[in-house]
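The values are calculated or read from the model by the stated rules, or taken from the named source; none is laboratory data. Remember, predicted model here, so these are calculated numbers, not experimental data. Here the Cβ positions follow ideal geometry from the backbone for every residue, glycine too, while neighbour counts run over all protein chains shown. To get the accessible areas, we keep the full protein, side chains included, count just its heavy atoms, and leave off ligands, DNA and RNA. Shrake-Rupley method; radii C 1.70, N 1.55, O 1.52, S 1.80 Å.
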Amino acid sequence: MSIIIGIDHGYGNMKTANCCFPTGVMKSDTEPTFVSDLLQWNGKYYSIGVGHKEFTADKFTDEDYYVLNLAAIARELRRECLTEASVFIAAGLPLTWVSEQKDEFKKYLLQHSDVEFSFRNTDYRIKIVGAEIYPQGFAAVAENLGDFKGVNMLCDIGNGTMNIMFVNDKKPNPNRCFTEKFGTHQCMLHIRENLMRIHHAEPPEEMITRVLRFGAADIDGDYLKTIINTAKEYVEGIFRRLREHGYDSKLMK
């Protein structure tokens, strides 16, 4: 059976149509003791979602994203009750990096045509029959361009990068696309820096993430205030960068 799987190889999270998991992977020669998302491939064990993938502009410099790619495929196949399939991958890259990196990233994803691996104690046999690379951000609105009348600024904020594109009268403007290293990971770094500077403390990243997602956590009120204030500063930084690239709320959406 042939199936098309869309995968967003994010710096913070891997996303498909139906799942999302942290972009972390730890390789080992022996089976780890406490891991629920364990992938076995090529004689090695990979703990999926463990650790934090360091930011890199080139996603094809090591095997991490390939292994995470296999885990994403397995999650989607499991939903379809499949363990064997021919897979076509639809992936994305930051707006201004697509033209330069798409060939290398496509080659990276297609480096093995037939792959056998195990994920969560289930064996998979897949044949990767093709891949296409699309611009991140724009893919989310491509089907709704008819709604983008007048001047519109599209802003896609990920973990590693922030992508900006202008869509004027239903048409994307290729000359006004920007990619900045100002994703939410930068917010996380500033929060940790302020917590250390003000409170001489370093709470776990999961606690900070909970505050960013839900606005609260089981921590001291002063710590919570520092996290929220730093997050507000980060948001102000987003809008400052948007204005630098021409955003005007009176002229555009």
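Only one of these is open to solvent by 70 Å² or more (accessible area, probe 1.4 Å) and at pLDDT 95 or above: ARG213, ARG243. Name it. First the steps, then the outcome.
Numbers: ARG213 fails: at pLDDT 95 or above.
Result: ARG243 is the single residue among ARG213, ARG243 that is open to solvent by 70 Å² or more (accessible area, probe 1.4 Å) and at pLDDT 95 or above.
Restricting the first residue to the stretch 153-181 and requiring it to be within 26 Å of THR56 (Cβ to Cβ), which pairs with a second residue that is of a type in the set (Val, Ile, Thr) and open to solvent by 50 Å² or more (accessible area, probe 1.4 Å) meet a Cβ separation below 7 Å and a spacing of at least six or different chains?
Close Cβ pairs (under 7 Å, with a partner that is of a type in the set (Val, Ile, Thr) and open to solvent by 50 Å² or more (accessible area, probe 1.4 Å)) amount to ILE157/THR184; ASN159/THR184; CYS177/THR96; PHE178/THR96; THR179/THR96.
Got a sec? Which of GLU84, GLU31 is over 21 Å from GLY130 (Cα atoms), open to solvent by 60 Å² or more (accessible area, probe 1.4 Å) and acidic (Asp, Glu)?
GLU31
Residues that are touching a helix residue (DSSP H, G or I) at 6+ places or on another chain (Cβ under 6 Å), hydrophobic (A, V, I, L, M, F, W, C) and more than 19 Å from ILE3 (Cα to Cα): does the stretch 121-143 have at least one?
The answer is no; no qualifying residue exists.
Which one is most open to solvent (accessible area, probe 1.4 Å) among residues in the stretch 34-46 that are closer than 30 Å to ILE157 by Cβ and at pLDDT below 95?
Only one residue fits best here, namely SER36.
In the list GLU193, GLU205, which residue meets the criterion of being more than 18 Å from the chain's Cα centre (by Cα) and more than 22 Å from TYR247 (Cβ to Cβ)?
GLU193
Quick test for you: out of THR226, THR230, pick the one residue that is farther than 30 Å from PHE178 by Cα, touching a residue at least 12 places away in the same chain (Cβ under 8 Å) and in a helix (DSSP H, G or I). Outline the logic, then answer.
On the way: THR230 fails: farther than 30 Å from PHE178 by Cα.
It is THR226.
Pull up the stretch 153-190, narrow it to residues that are under 22 Å from PRO203 (Cα atoms) and open to solvent by 30 Å² or more (accessible area, probe 1.4 Å), then point me to the one that is nearest to the chain's Cα centre (by Cα).
Out of the qualifying residues, it is ASN159.
In this structure, does TYR65 turn out to be part of a helix (DSSP H, G or I) and in contact with a helix residue (DSSP H, G or I) (Cβ under 9 Å, 6 or more places away or on another chain)?
So TYR65 passes the test.
Give the residues of the stretch 18-27 that are touching a Lys or Arg at 6+ places or on another chain (Cβ under 9 Å) and over 12 Å from ILE48 (Cβ atoms), sorted by residue number.
Passing the criteria: only ASN18.
Here are some residues: GLU132, GLU116, GLU63, GLU76. Which one is of a type in the set (Asp, Glu) and farther than 29 Å from VAL35 by Cβ?
None of the other options fit; the residue is GLU132.
Examine the stretch 48-64 for a residue that is open to solvent by 40 Å² or more (accessible area, probe 1.4 Å), of a type in the set (Val, Ile, Thr) and either free of Cβ contacts under 8 Å to residues at least 24 places away in the same chain or at positive phi (or both), and state whether such a residue exists.
Yes, because at least one residue in the stretch 48-64 is open to solvent by 40 Å² or more (accessible area, probe 1.4 Å), of a type in the set (Val, Ile, Thr) and either free of Cβ contacts under 8 Å to residues at least 24 places away in the same chain or at positive phi (or both).
For the stretch 191-210, which residues satisfy the criterion of being open to solvent by 70 Å² or more (accessible area, probe 1.4 Å) and farther than 21 Å from GLY24 by Cβ?
If the condition is that a residue be open to solvent by 70 Å² or more (accessible area, probe 1.4 Å) and farther than 21 Å from GLY24 by Cβ, then GLU193, MET196, ARG197, ILE198, HIS200 are the ones that fit.
Sort out which residues of the stretch 216-240 are under 23 Å from the mean Cα position of the chain (by Cα) and open to solvent by less than 50 Å² (accessible area, probe 1.4 Å), and write them in order of number.
Once the filter is applied, which keeps residues that are under 23 Å from the mean Cα position of the chain (by Cα) and open to solvent by less than 50 Å² (accessible area, probe 1.4 Å), the stretch 216-240 yields ILE227, THR230, ALA231, TYR234, GLY237, ILE238.
Does TYR108 satisfy the criteria of being aromatic (Phe, Trp, Tyr), open to solvent by less than 30 Å² (accessible area, probe 1.4 Å) and either at pLDDT 95 or above or under 24 Å from THR179 (Cβ atoms) (or both)?
yes
Scan the stretch 146-180 for residues that are under 17 Å from ASN13 (Cβ atoms) and outside any strand (DSSP E or B) and report the count.
At the first step, the residues of the stretch 146-180 found to be under 17 Å from ASN13 (Cβ atoms) are 156-163.
Within this subset, residues satisfying the condition of being outside any strand (DSSP E or B) are 158-161.
The number of residues fulfilling the criteria is 4.
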